[in-house]
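The values are calculated or read from the model by the stated rules, or taken from the named source; none is laboratory data. Bear in mind that the values here come from a model prediction, so they are computed numbers and not experimental data. We place every Cβ from the backbone using ideal geometry, glycine too, and count neighbours over all the protein chains shown.
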Amino acid sequence: MVLNYIWIGFFVVAAISAVIKCVFFADYEVFERIINGTFNMAKISVIDIALPLSGTMILWLGIMNIGQRAGAVDFLGKIIGPFFEKLFPEIPKGHPANGQLVMNFSANMLGLDNAATPLGLNAMNSLQELNPNKEEASNAQIMFLALNTSGLTLVPVAIMTQRFVMGAADPTDIFIPLLLSTFVSTLIAILYVGIKQKLNLFNKVVLGGLAGLTLFVGSIVAIFAQMEQSQISFWSKLVSNLLLFSIIISFIVMGLVKKVNVYESFIEGAKTGFDTSVKVMPYLVGMLVGIGVVKDSGALSILLDGFRFLFSMLPDTDFVDALPTAIMKPLSGSGAKAMMVATMEEFGPDSFAGRLSCMFQGAADTTFYVIALYFGSVGIRKTRYAVTAGLVADIGGVIAAILIAYNFFH
């Protein structure tokens with residue numbers, strides 16, 4: 001129901017903005033841009049997103065089926081089981097979903113998007129099997145979505161590389177501030193959903209898990225803070241890809257040890273990957289076209305002008321120049337990246353706005369895209385408070401990024 005109103009709202013806002021531009025600003029091409037944009041976004045949804053995604057899904061759901069049959073996924077679930085039992089009390093002990101969630105979160109933290117998405121879709125399917133109401137999001141699914149949309153990434157190589165391309169004096173100077181921002185976003189997601197679901201967040205297991213995560217993030221900060229750009233890029237790519245390849249080899253070896261027919265298990269899992277990618281296409285087209293009309297109608301520019309007016313009474317409004325990235329991020333990852341690049345081009349990569357736009361890009365994930373993708377893959381129609389949870393995490397990450405940026409760069 002929430003997505004229904006949001007989707008309708010995209011078109012209503014776009015229509016109002018287009019009429020204003022046409023009538024008051026003589027922009028007679030605005031409707032042409034909107035219509036061309038709808039065709040373009042529909043094409044991007046299928047050709048550039050859904051079809052490439054189907055390939056990675058076929059691969060990784062096949063690999064995951066090998067791991068599941070070999071017992072590797074269950075083993076991972078047992079390691080982090082006590083912590084997940086408190087955040088996901090609906091998941092039974094020993095259920096494959098526990099290990100699948102671990103795999104998804106690990107891939108997300110390492111920035112391995114191509115692997116994280118199919119692993120997440122696999123986990124969502126398992127959570128849907130446990131869901132008593134197949135059309136309404138369960139508590140476990142909402143917690144899972146909130147953690148995904150909070151976008152915790154340990155080493156944002158893509159953003160630092162973009163800063164290097166744009167000529168930043170020190171492309172890695174946003175690493176620690178960005179990591180702190182996305183960590184805050186993740187904590188807010190856990191707290192918000194945990195409170196909504198009345199979970200015991202002060203349980204010693206939960207506190208211990210959060211403390212362990214904090215220590216882990218702190219260790220990453222301490223290690224990479226001593227490195228230069230080339231070293232960070234080298235080691236993060238090496239470790240990430242080595243870990244990914246090690247997972248594939250480990251699953252195959254465990255399958256051989258357990259006398260699993262590895263190839264047949266791969267084919268069996270791979271078949272579900274294609275089915276899922278076809279099922280999710282309408283949801284992606286609908287959401288991305290809605291986002292596209294808002295952007296092409298000029299509504300985003302009007303919104304930014306409104307923010308400038310709203311914050312004009314503050315003693316410092318330098319952060320407003322970076323807000324386009326923050327506003328676009330929940331809607332479109334590629335759109336947010338374009339905004340980030342545009343901000344660095346206009347103000348410079350080493351400017352306050354340039355650095356803050358990079359922090360906005362990494363502080364959260366594309367909430368509406370993630371929700372449309374994951375819920376669409378299992379046919380969830382009633383999202384309950386999942387959208388709110390994702391946006392609360394996004395807003396928390398944005399506020400944290402602004403405050404941290406002022407401490408580091410202003």
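Could you go through the range 324-332 and let me know if any residue there is surrounded by fewer than 16 Cβ atoms within 10 Å (Cβ to Cβ) and free of Cβ contacts under 8 Å to residues at least 60 places away in the same chain.
The answer is no, given that none of the residues of the range 324-332 is surrounded by fewer than 16 Cβ atoms within 10 Å (Cβ to Cβ) and free of Cβ contacts under 8 Å to residues at least 60 places away in the same chain.
Return the residues of the range 376-391 that are over 14 Å from the mean Cα position of the chain (by Cα) and part of a helix (DSSP H, G or I); say none if nothing qualifies. Break it down stepwise before answering.
Here is the first cut: in the range 376-391, the residues over 14 Å from the mean Cα position of the chain (by Cα) are 376-385, 388.
G376, S377, V378, T388 - these are the residues of the range 376-391 that are over 14 Å from the mean Cα position of the chain (by Cα) and part of a helix (DSSP H, G or I).
What residue, among those in the range 341-368 that are assigned to a helix (DSSP H, G or I) and of a type in the set (S, T, N, Q), is modelled with the lowest pLDDT? Before the answer, list the steps.
Filtering the range 341-368 for residues assigned to a helix (DSSP H, G or I) gives 341-347, 352-363, 367-368.
Checking which are of a type in the set (S, T, N, Q) leaves us with 343, 357, 361, 367.
Details: T343: 84, S357: 92, Q361: 88, T367: 87.
Within the range 341-368, the match that is modelled with the lowest pLDDT is T343.
So which pairs qualify, if the first residue must be in the range 202-214 and touching a residue at least 24 places away in the same chain (Cβ under 8 Å) and on the phi < 0 side of the Ramachandran plot, the second must be basic (K, R) and assigned to a helix (DSSP H, G or I), the Cβ gap must be under 8 Å, and the two must be at least 6 apart or on different chains?
Pairs that qualify, where the first residue is touching a residue at least 24 places away in the same chain (Cβ under 8 Å) and on the phi < 0 side of the Ramachandran plot and the partner is basic (K, R) and assigned to a helix (DSSP H, G or I), are N203/K86; V205/K86; V206/K86; G209/K86.
In the set T276, T325, which member is part of a helix (DSSP H, G or I) and either over 22 Å from V392 (Cα atoms) or among the basic types (K, R) (or both)? Steps first, please.
Details: T325 fails: either over 22 Å from V392 (Cα atoms) or among the basic types (K, R) (or both).
On inspection, the qualifying residue turns out to be T276.
Of the residues that sit in the range 347-375 and are of a type in the set (S, T, N, Q) and buried (at least 19 other Cβ atoms within 10 Å of the Cβ), which one is nearest to the chain's Cα centre (by Cα)? If you could, list the steps in order and put the result at the bottom.
Here is the first cut: in the range 347-375, the residues of a type in the set (S, T, N, Q) are 351, 357, 361, 366-367.
Pick out the ones that are also buried (at least 19 other Cβ atoms within 10 Å of the Cβ) and you get 357, 361, 366-367.
Working: S357: 16, Q361: 10, T366: 5, T367: 7 Å.
Across the range 347-375, the extreme among qualifying residues is T366.
Residue check: is N65 at pLDDT 90 or above and in a helix (DSSP H, G or I)? Talk me through it step by step, then tell me what you get.
On the way: at pLDDT 90 or above: no; in a helix (DSSP H, G or I): yes.
When the stated conditions are applied, N65 does not pass them.
Taking the criterion of being under 20 Å from L152 (Cα atoms), surrounded by fewer than 23 Cβ atoms within 10 Å (Cβ to Cβ) and either modelled with pLDDT under 80 or in contact with a helix residue (DSSP H, G or I) (Cβ under 8 Å, 6 or more places away or on another chain) (or both), would at least one residue in the range 92-104 satisfy it?
Checking the range 92-104: at least one residue is under 20 Å from L152 (Cα atoms), surrounded by fewer than 23 Cβ atoms within 10 Å (Cβ to Cβ) and either modelled with pLDDT under 80 or in contact with a helix residue (DSSP H, G or I) (Cβ under 8 Å, 6 or more places away or on another chain) (or both).
Give just the number: which of (1) without any contact (Cβ under 8 Å) to a residue 12 or more places away in the chain; (2) assigned to a loop (DSSP other than H, G, I, E, B); (3) touching a helix residue (DSSP H, G or I) at 6+ places or on another chain (Cβ under 9 Å) does A338 not satisfy?
Among (1) without any contact (Cβ under 8 Å) to a residue 12 or more places away in the chain; (2) assigned to a loop (DSSP other than H, G, I, E, B); (3) touching a helix residue (DSSP H, G or I) at 6+ places or on another chain (Cβ under 9 Å), the lone unmet condition for A338 is (2).
Can you pull out every residue in the range 240-262 that is buried (at least 18 other Cβ atoms within 10 Å of the Cβ), at pLDDT 90 or above and assigned to a helix (DSSP H, G or I)?
Once the filter is applied, which keeps residues that are buried (at least 18 other Cβ atoms within 10 Å of the Cβ), at pLDDT 90 or above and assigned to a helix (DSSP H, G or I), the range 240-262 yields I252, M254, G255, V262.
So is G194 buried (at least 16 other Cβ atoms within 10 Å of the Cβ), touching a residue at least 12 places away in the same chain (Cβ under 8 Å) and more than 16 Å from G362 (Cβ to Cβ) or not?
Working: buried (at least 16 other Cβ atoms within 10 Å of the Cβ): yes; touching a residue at least 12 places away in the same chain (Cβ under 8 Å): yes; more than 16 Å from G362 (Cβ to Cβ): yes.
So G194 passes the test.
Based on what the data block shows, is M143 modelled with pLDDT of 85 or more and crowded, with 20+ Cβ neighbours inside 10 Å? Reasoning before the result, please.
Values: modelled with pLDDT of 85 or more: yes; crowded, with 20+ Cβ neighbours inside 10 Å: yes.
When the stated conditions are applied, M143 passes them.
Output the residues belonging to the range 27-44 that are exposed (fewer than 14 other Cβ atoms within 10 Å of the Cβ) and at pLDDT 90 or above.
Here is the first cut: in the range 27-44, the residues exposed (fewer than 14 other Cβ atoms within 10 Å of the Cβ) are 28-29, 32, 35-36, 39, 43.
If the condition is that a residue be exposed (fewer than 14 other Cβ atoms within 10 Å of the Cβ) and at pLDDT 90 or above, then Y28, E29, E32, I35, N36, F39 are the ones that fit.
Considering only the range 101-207, give the helices (runs of 4 or more DSSP H) lying wholly within it that have at least 2 residues that are over 15 Å from the mean Cα position of the chain (by Cα) and among the aromatic types (F, W, Y). Can you show your working first?
On the way: elements: 113-130, 139-149, 157-165, 175-196.
Hits in the range 101-207: 175-196.
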